[in-house]
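Below is one structure, written out as structure tokens, with a few remarks after it.
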Amino acid sequence: MSLFLCRFSLSKLSLRRHLTARCFSSSSIYYIVGAEPWGSTLIEGDIGYLKIRALGGTERVTKKLVPMELLKEKGTIGASHGWVATLKNGVVRLQDDLLDPCAWETDPDPKRISLPPLVTLPHCQTQIVTNVAMSTSSPEDEDCIVAIKFMGPQLSLCRPAQRDCKWTNIRITDPSFFSSHVMYSKRDDMFSMPASRAHYTGSWDLGRHIHKPKLQMLQFPQNPHPEMTKSELLRLDSCCRKQQYLVESLPTGETFMLKWYTESRPIRKTCKDWDHFLVVRLDEEGNAEYTNDIGDLCIFLSKAEPFCLPASLYGRSKNSVYFLGEHDRGIVSIDNNYKLGRPFTCPVPYFFPPLSPPIKD
């Protein structure tokens, strides 16, 4: 049944007539700002027009109606390739409501893919999610695998497009991975995550590494931070939040580990964050080298699966990290860790990758 079988009985044609918002390009990198309430439906409840902002652009109200439930603090549990995941009554659902706001003109009905009910392993939990990752850009692909990393020992994988879709539940025995973020490595064709102190990585798949992960020790130089003073290193060590992410650059074939250090302190009932990023370049043998130059690349970090793009192709700043944090958003130059940001709060702090590369004249 369509989203638009609602109490207000407003036709698609009249929706087009009442709205004049211009679509973003499919090559835009954007994030969600919120929604402008519109009304309610029998199926979705309260709905509203999606408000988004493209990087380097202005905030716009799109023509896309989305459930307001998605924009609540606990409305989603993660995102990958533009698809958002929700968790309700033990069932994960993948939705493209927030994907490609321009698609409303040609495909007004959002796609909803319900996955099998979750199975909680003994001494695990499946309510608090670290993040979600996918092996391809759409869960409708025959070979797509969805990974959900729960806080604690459980990692769950499934193939949504298969007729007999079911969860493969993995109990991770190493506590160093209990709070790690999972990503899909196209190079290794596996789901990987860094250990908590970033000394090694672990990788899982649906083959021989289901219950015995592929571990790779990382070989760092003896003096990895010659440019940093002792007080600077102590400040990093004392940060209240330390997060590690793995991200691949498909154009260059490189793999990076990002260490995101955050020091928060309250200022006049608000929160002021000090952020510091360290970037590690990893090779296939496990050699790890800190770098302040990733060339013509930029990395996007949020609560969605991170991604990396050629900066010049998309009109972004090279050698930079774009981030959506708990209290602010901005860009950090990897060369000198100079941060340019502004306050930002949103219950869905996800960067959405471009659906296609820009067309060059």
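Every pair of different Cα atoms in segment 159-220 enters the Kirkwood calculation, which places the hydrodynamic radius at 12.6 Å.
When ranked by the protection proxy of mean other Cβ atoms within 10 Å per residue, highest first, what sequence do the peptides 143-149, 88-94 form?
Details: 143-149: 21.9, 88-94: 14.7.
Listed from highest to lowest mean packing, they are 143-149, 88-94.
Charge dipole (Cα centre; +1 on Lys/Arg Cβ, -1 on Asp/Glu Cβ; no other charges) of the chain amounts to roughly 1180 debye.
Of Ser179, Ser238, Ser196, which has the largest mean-square fluctuation in a 10 Å C-alpha GNM of the chain? Checking each option, the largest mean-square fluctuation is seen for Ser238. The Cα-based radius of gyration of the chain, divided by its Kirkwood radius, gives an Rg/Rh of 0.96. The calculated 222 nm mean residue ellipticity attributable to helices in the chain amounts to -1000 deg cm²/dmol, summing -39500 (n - 2.57) over DSSP H runs of n ≥ 4 and dividing by all residues.
Solvent exposure of Phe351, expressed as accessible area, is near 10 Å², computed with a probe of 1.4 Å over the protein chains only. When you count the other C-beta atoms within 10 angstrom of each residue and take the mean per peptide, 309-317, 118-126 line up highest first as 309-317, 118-126.
Once the 1.4 Å probe is applied to the protein heavy atoms, segment 202-361 comes out at 54 Å² accessible per residue.
Multiply the residue gap between Phe178 and Ser27 by 0.36 nm, knock off their C-alpha separation, and tell me the result in nm, one decimal place. Before the final figure, lay out each step's value.
Values: separation 151, 0.36 × 151 = 54.36 nm, distance 3.51 nm.
Taking Phe178 through Ser27 to full extension adds about 50.9 nm, to one decimal.
R0 = 30 Å: FRET efficiency of Gln222 with Glu326, Cβ-based, nearest 0.05? That gives a FRET efficiency of 0.30. In plain terms, the bigger the Kirkwood radius, the slower the diffusion; for segment 212-361, with that radius from Cα pairs, at 25 °C and 0.890 mPa s, Stokes-Einstein puts D at 147 µm²/s.
Estimated from the Cβ-Cβ distance and a Förster radius of 35 angstrom, the FRET efficiency linking Trp274 and Gln125 is about 0.65. Per residue, the average separation of C-alpha pairs within less than 8 Å and at least 6 apart gives the chain a relative contact order of 13 percent.
Note on the chain: with neighbouring protein chains present and a 1.4 Å probe, carbon and sulfur make up 51 percent of its accessible heavy-atom surface. For segment 153-272, the alpha carbon convex hull comes to 183 Å³ per residue, rounded to a whole number. Computed from label points 7 Å out along Cα-Cβ, the spacing between Glu263 and Lys166 is 5.2 nm.
Note on surface exposure: Asp46, Asp283, Asp97, Asp205 rank Asp46, Asp283, Asp205, Asp97 by accessible area, highest first, 1.4 Å probe.
Is there a pair in Lys64/Lys242; Lys64/Lys88; Lys51/Lys303; Lys51/Lys242; Lys111/Lys212; Lys111/Lys318 whose C-alpha atoms are over 28 Å apart, and which pairs would that be? In this structure, Lys64/Lys242; Lys51/Lys242; Lys111/Lys212; Lys111/Lys318 lie more than 28 Å apart at Cα. Between Glu285 and Met151, the FRET efficiency from the beta-carbon distance, with R0 = 30 Å, is close to 0.45. Fully extending the segment from His211 to Glu59, taken as 0.36 nm per residue of separation minus the present Cα-Cα distance, adds 50.2 nm. Considering segment 101-211, its Cα convex hull presents a mean projected area of 8.5 nm².
The values are calculated or read from the model by the stated rules, or taken from the named source; none is laboratory data. It should be emphasised that the depicted structure is a prediction, and the values quoted were computed from it without experimental measurement. Note that we place each Cβ from the backbone using ideal geometry, even for glycine, and neighbour counts take in every protein chain shown. Surface accessibility is based on the protein's heavy atoms, side chains included, excluding ligands, DNA and RNA. Shrake-Rupley method; radii C 1.70, N 1.55, O 1.52, S 1.80 Å.
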